[in-house]
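The block underneath contains the structure these notes are about, expressed in structure tokens.
The values are calculated or read from the model by the stated rules, or taken from the named source; none is laboratory data. Here the structure is a predicted model, which means the values were calculated and not measured. All Cβ positions, even for glycine, are placed from backbone atoms using ideal geometry, and neighbour counts span all protein chains on display. Areas reflect the complete protein model, heavy atoms only, side chains present, ligands, DNA and RNA absent. Shrake-Rupley method; radii C 1.70, N 1.55, O 1.52, S 1.80 Å.
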Amino acid sequence: IGLTGWPLDQAVGHPLDEVLQIINEQTQQPVENPVTRVFRENRVVELANHTALVGKQGDVVPIEDTAAPIRDQDGEVVGAVLVFRDVTEARRAMETRRYLAAIVESSDDAIIGQTLDGRIASWNKGAERLYGFSPDEIIGKPLSVLVPPDHVDELAGMMQRINRGEFIEHYETERVRKDGKRVEVSLTISPLKDADGNVVGASKSARDISARKAEDRRKNEFLALLAHELRNPLAPLRNGLQIMQLAGSNPEVVEETRKIMERQLHHLVRLVDDLLDLSRISQGKLQLRKERIDLAEAVKNAVEMSSHITEDQSHQLTVTLPDEAIYVDADKTRVAQALCNVLNNAAKYSERGSKIWLTVHREDAEAVISVKDTGIGIDPETLPKVFEMFMQVDRSLEKSHGGLGVGLTIVKRLIEMHGGSVEAYSEGPGHGSEFILRLPVAPSLERTSSAAGHNIPLGQRFDRRILVVDDNKDAATSLTAMLKLMGNEVWTAYDGEAGLEAANNIHPDMIFLDTGMPKLNDFTTAHRTRQQPCTQSIVLAGTTRWGKAQN
Ligand code: ADP
């Protein structure tokens, strides 16, 4: 009744085909009732696969069935017995097993079955990829084949834990491949139990974590280097302050000390700027302020910015610019910054008094800047990696040359943000290096006026009314002092609210506004200032802690 839906009293007397409608599941066509076949063929009949029973209510159930003849004493067939059962569950289980097997087989992880005595019982494609053995080569072999000699002890301990039915999760260790190479892996092991709950083996998944580990190591080394590099300039700065305190009345000593402090501070600011830039670039937060520029302007800026190091090292820099201007749509500061990094490297990685060539020329629609040196060169293996983050050819701290290994990463990203590309060449150690930056030339050669109107060159005298708004009092005081020295009339406020009030009272020509202040942040302050009728048209200059203009 359960399967057919026909109660006995209703079924009796009905033709068999009415009560037992059997169809082929795939074609949905009726198939011959096995009982009919028994009578015709006089033997036991089993139904083909994919048969289903259509119940009294029209419901379809997959079945497996067998029909056998019933014979009398003389062997004459007098009836038939039909045995059938619902295989829905069995089929589902089979599908699940197939599905799981497919998952295991196609998994990126190595998934390995093992017996209790530590032999390999199954081996998926991932395992083959990770360890290099094919299933034929490895199944039945002891697990110790994969374990390097110095890790054999840990294997025994793991086997004990598995035998106790414990799980082992994300266990990081080393294994050895068929070719003898070691791989760093993370293992997750679960005991396999039979129906009674006895542990009969284990399944183990292994993931290659070599790349992640290498990355971790690079980050740790980088942090050590960073701490070292940031601390380096601090000692001379502290000494400088002390010298000024002791010998403040001797102008020569003060001037000498001031120069040292300036150089060290400059270096410190550069390191921190690099880090900030790198984090901005990697988070996609760096915005280019593009305008049409003559590439020569950016080149000049870069040469100027790196002049202290080239001069310090008594290098001889030869700059060759094309006769005709090459215009590019670019953020002048950023292009100069990228080029300055490359120039600084050429200076850093060359002996004192070396030659450096900076050449700009045009190749079709590309502006090509080359910086060539005769310095220490780069070996062919590291050459393709020099643009990677935290990459330094020589990690020993003494040889770090005061860098963090992020300079070229910044160069590459900045140039790529401009739609350009970077390349590095070297004939090998001792043979110098060449770095080439390419930028797309601006589509038309017409020059639009640059928005340089607000730039204030240092050293000129001004008579402006300026308001400095910064919650960092030291920063505000020093900027105020500098602006006053330049001949301006300067007011200072320490938060956005006070800044707004001051702006309304004094009607400044210009406001220096710190980014990220408490009580009305810079954007709100800027916005409100713009809304006031009397302050609508004043120049607003955003500053960050490091004094770089932001907008
Ligand atoms: P760093 O802060 O170490 O200078 P960079 O990202 O600027 O970092 O450069 C990465 C590495 O590439 C440097 O550590 C150096 O080993 C190598 N390198 C860069 N420029 C040159 C060059 N002009 N000559 C030789 N090696 C260079």
Name the pairs whose Cβ atoms lie under 6 Å apart, with the first residue in segment 15-40 and on the phi > 0 side of the Ramachandran plot, the second exposed (fewer than 15 other Cβ atoms within 10 Å of the Cβ) and in a strand (DSSP E or B), and 6 or more positions between them or separate chains? none
For the structure I just gave you, tell me whether Glu256 is under 29 Å from Asn344 (Cα atoms), out of contact with any strand residue (DSSP E or B) (no Cβ under 7 Å at 6 or more places or on another chain) and free of Cβ contacts under 8 Å to residues at least 24 places away in the same chain. yes
Does at least one position in segment 108-130 carry a residue that is more than 20 Å from Glu172 (Cα to Cα) and in a helix (DSSP H, G or I)? yes
Restricted to segment 210-234 and to residues being part of a helix (DSSP H, G or I) and in contact with a Leu (Cβ under 9 Å, 6 or more places away or on another chain), the residue farthest from Thr257 (Cα to Cα) is Phe222
Can you pull out the residues in segment 409-423 that are open to solvent by less than 20 Å² (accessible area, probe 1.4 Å) and either within 7 Å of the ligand (Cβ to nearest atom) or not in a loop (DSSP other than H, G, I, E, B) (or both)? Thr409, Ile410, Val411, Leu414, Ile415
Looking only at segment 38-83, which residues are of a type in the set (Ser, Thr, Tyr) and not in a strand (DSSP E or B)? none
If I ask for residues that are in a helix (DSSP H, G or I) and surrounded by 15 or more Cβ atoms within 10 Å (Cβ to Cβ), which ones from segment 309-332 would you list? Ile309, Thr310, Lys332
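Yes or no, residue by residue, for (1) open to solvent by 80 Å² or more (accessible area, probe 1.4 Å); (2) modelled with pLDDT of 85 or more:
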site	(1), (2)
Asp9	yes, yes
Gln21	yes, yes
Asn24	no, yes
Asn33	no, no
Phe39	yes, yes
Glu46	yes, no
Ala52	no, yes
Pro62	no, yes
Within segment 391-408, restricting to residues that are near the ligand (Cβ under 8 Å from one of its atoms) and open to solvent by 40 Å² or more (accessible area, probe 1.4 Å), the one that is modelled with the highest pLDDT is His401
Taking segment 245-266 and keeping only residues that are open to solvent by 60 Å² or more (accessible area, probe 1.4 Å), part of a helix (DSSP H, G or I) and not basic (Lys, Arg), one is left with Gln245, Leu246, Pro251, Glu252, Glu255, Glu256, Ile260, Glu262, Leu265, His266
Give the number of residues within segment 201-242 that are loosely packed, with under 12 Cβ neighbours inside 10 Å and within 27 Å of Ser106 (Cα to Cα). 2
Could you run through segment 285-299 and say how many residues are free of Cβ contacts under 8 Å to residues at least 24 places away in the same chain and over 12 Å from His418 (Cα atoms)? 1
How many of the residues making up segment 350-367 are under 18 Å from Glu423 (Cα atoms), within 15 Å of the ligand (Cβ to nearest atom) and either open to solvent by less than 10 Å² (accessible area, probe 1.4 Å) or out of contact with any Ser or Thr (no Cβ under 7 Å at 6 or more places or on another chain) (or both)? 2
